[in-house]
1. If I ignore ligands, DNA and RNA and count only protein heavy atoms, how much of A:His139 is accessible to a 1.4 Å probe, in Å² to the nearest 10?
2. Which longest uninterrupted range of chain A lacks any GluC sites (Glu not before Pro) assigned by DSSP to a loop state (not H, G, I, E or B) and surrounded by at most 10 other Cβ atoms within 10 Å?
3. Could you calculate the FRET efficiency of A:Glu18 with B:Asp308 from 1/(1 + (r/R0)^6), where r is the beta carbon distance between them and R0 is 30 Å, rounded to 0.05?
4. So what is the relative contact order of chain B, in percent, for Cα pairs below 8 Å that sit 6 or more residues apart?
5. Which of these, B:Met99, B:Met140, B:Met43, has the largest mean-square fluctuation under a Gaussian network model of chain B (Cα springs below 10 Å)?
6. Given a 1.4 angstrom probe, I'd like the percentage of the accessible area of chain B that is carbon and sulfur, rounded to a whole number.
7. Using a Gaussian network for chain B with springs between C-alpha atoms less than 10 Å apart, which of these wobbles most: B:Leu38, B:Leu113, B:Leu192?
8. I'd like to check one number: the per residue accessible area of chain A, probe 1.4 Å, reported in Å² as a whole number.
Amino acid sequence: MHIVVPIKLVPDLAEELEVDASGTALDTEWLRYRTNEFDDHALEEALQLREVSGGTVTAIALDAEEADKSLYTAAAKGADRLIKITGAGEKPSSHATARAFADAIAGLDADLVLTGVQAVDDRDGQNAVLIGRYMDIPHVSVVTGVSIQGDTALVHKEYAGGAMGEFEVTLPAVLGIQAARETPRYAPVGKVRRAMRSATIEELASSGTAEAGSSVTRMFRPEKGQGAKMLTGSADAIADQLITIMRDNGVNL
Amino acid sequence: MSADVFIVTEHLGGSLDDVTFELLGKGRDLATSTGGQLVAVLMGSGAEGLAAELGAADRVLYVDHPALADFNPATHGAALAAVVGERSPQIVLVGNTSMGMDLAAALSVDADLPLIAYATGVEHGADGLTVTSQLYAGKMHVESRPTGGRCIISVMAGSFDGSAGRGGGSPEVESYAAPASIESSRVRFVRLMEPEAGDVDITQSDILVSIGRGIQSEDNIPMAQELADALGGAVSASRPIIDNKWLPKTRQVGKSGVKVKPRLYLALGISGAPEHWEGMKDSQLIIAVNTDPNAPIFDFAHYGVTEDIFEVMPALTARVT
Ligand SMILES: Cc1cc2nc3c(=O)[nH]c(=O)nc-3n(C[C@H](O)[C@H](O)[C@H](O)COP(=O)(O)OP(=O)(O)OC[C@H]3O[C@@H](n4cnc5c(N)ncnc54)[C@H](O)[C@@H]3O)c2cc1C
């Protein structure tokens with residue numbers, strides 16, 4: 001069983017986001033990049049599946065800021081093989097990203113591709129489904145449970161309200177992972193450092209490309225001020241105000 | 001290319017999802033502007049009865065096949081690609097829902113059409129389409145325009161008024177033959193699993209004390225429970241709390257949880273991601289406590305406090321016990 005996990009690097013939302021001078025993109029000067037949180041879930045699920053079914057787990061990322069760190073972190077968590085795709089361009093669209101992943105994965109003889117259900121910057125669509133159609137392999141998105149039975153995967157797809165669809169999917173397939181069966185494991189810094197010394201990142205040149213078919217004309221922060229009325233003061237003063245607000249709004253206390 | 005606007009209907013367990021009506025409402029405006037018809041694509045097996053509820057559309061394209069009886073990313077995807085490929089609508093609206101996520105991006109590749117996702121606003125005028133998307137977990141909005149005239153747009157549930165899409169006339173129902181390829185699908189539907197009944201039905205509670213990742217540890221949940229008890233409410237939560245198994249799934253508010261409309265929604269350490277907003281935006285009074293002044297929750301809460309929840313929770317509890 002060869003499980004491939006495409007990883008996307010996305011801006012860390014804990015940092016403040018600013019729009020750049022063009023007015024159509026994020027100002028990259030202060031941005032920090034991190035692994036898309038749903039890709040962490042995909043990697044965790046891949047490692048859990050390997051424990052049950054055996055095989056290898058390959059983490060693959062496009063060449064970008066923090067890509068090496070993200071791949072070494074995957075190795076520290078247990079990924080067997082690391083691949084970086086070069087030449088896919090600066091800030092590729094979702095379509096271009098998925099195309100680069102699909103072309104690279106096509107040569108890896110993967111049985112299963114697990115990636116995050118979405119990322120915070122997927123303006124032109126989600127990675128898992130795009131990869132599936134580019135590779136012409138089946139896809140299921142919003143997945144919270146996977147088990148392998150021979151050459152099929154039994155997967156649970158989540159709908160609203162906690163209902164789930166169960167599907168049997170012929171492998172190879174790509175799944176958009178919403179949540180791993182366990183909280184994604186954490187790799188301590190020391191372990192990541194050791195992985196940096198011992199693991200190697202293979203490089204693969206990207207081949208095909210794809211267009212988003214649309215362009216951004218404006219990026220802006222949602223209007224402030226129209227939103228919440230902000231309360232200030234000590235915790236006690238705030239609590240007093242909140243109780244008054246609740247009562248004034250007909251909340252029965 | 002036609003000037004038509006297609007909307008992809010969504011149904012589960014025999015009833016249409018709210019998002020279908022929201023798309024119909026918006027689609028009506030768009031079709032008026034493009035000068036085309038508003039067409040609802042309905043896929044199912046023996047589901048033509050649902051067409052009666054799609055009166056806001058000019059026409060229903062109904063694709064009937066046993067392989068479409070239950071939603072299936074592969075069969076529904078292939079059927080949709082066939083319809084859109086042949087009829088060439090100008091605009092296709094899909095919900096950015098669990099089903100829609102499997103359909104929209106696949107259609108983009110199959111029909112070679114641009115996709116703009118996470119839309120909360122769609123306008124069509126003399127100079128074409130402008131789509132507003134909510135990105136970066138709601139921290140940024142982005143306007144985009146398709147390069148050609150045509151586009152698939154996946155719309156966040158709750159973005160448009162559903163009442164505009166309900167009722168109306170009796171649309172013409174046209175049967176459309178499913179492509180033969182769906183007979184042998186690599187994805188097979190096995191069964192629908194209903195959610196397990198929970199200990200507490202948070203949709204029935206007038207007061208919700210809702211906790212997010214800001215609660216930091218399972219050990220801090222009793223502090224929220226004490227506040228909920230004092231207020232006479234229940235504890236609900238954002239998705240990460242449920243993924244961590246700190247609370248049961250039935251307590252989850254949002255896109256993949258439940259929709260709630262309490263009299264008071266007290267959001268404690270919740271950032272306000274679009275998927276959370278979907279589930280609680282209709283609450284009568286929303287009060288948010290979050291240490292980050294830029295948290296998106298403050299864009300739609302009525303009152304906001306940038307304080308530590310561990311200060312505010314006990315202060316509130318003390319006042320109502
Ligand atoms: C298909 C899909 C479906 C989803 N469905 C849902 C859903 O149904 N429901 C849902 O909630 N999410 C859902 N999500 C996840 C969603 O995208 C967000 O990841 C999630 O809502 C974030 O939860 P949060 O706000 O608790 O965490 P975070 O975004 O991490 O926010 C935590 C907040 O706590 C604040 N904070 C930290 N410490 C303190 C403190 N001491 N005092 C005050 N504030 C503090 C921080 O400033 C931060 O804003 C879904 C995602 C996908 C892809």
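1. 10 Å²
2. After excluding every exposed loop site, the longest remaining stretch is A:91-222.
3. Efficiency computed from Cβ-Cβ geometry: 0.70.
4. Computed value for chain B: 16 percent relative contact order.
5. Taking springs between Cα atoms under 10 Å, the residue moving most is B:Met140.
6. 46 percent
7. B:Leu192
8. So chain A comes to 42 Å² accessible per residue, rounded to a whole number.
The values are calculated or read from the model by the stated rules, or taken from the named source; none is laboratory data. These numbers were taken from a predicted model, which means no experiment stands behind them. Glycine also receives a Cβ, built like all others from the backbone with ideal geometry; neighbour counts cover every protein chain displayed. In case anyone asks, the SASA skips ligands and DNA or RNA and just uses the protein heavy atoms, side chains included. Shrake-Rupley method; radii C 1.70, N 1.55, O 1.52, S 1.80 Å.
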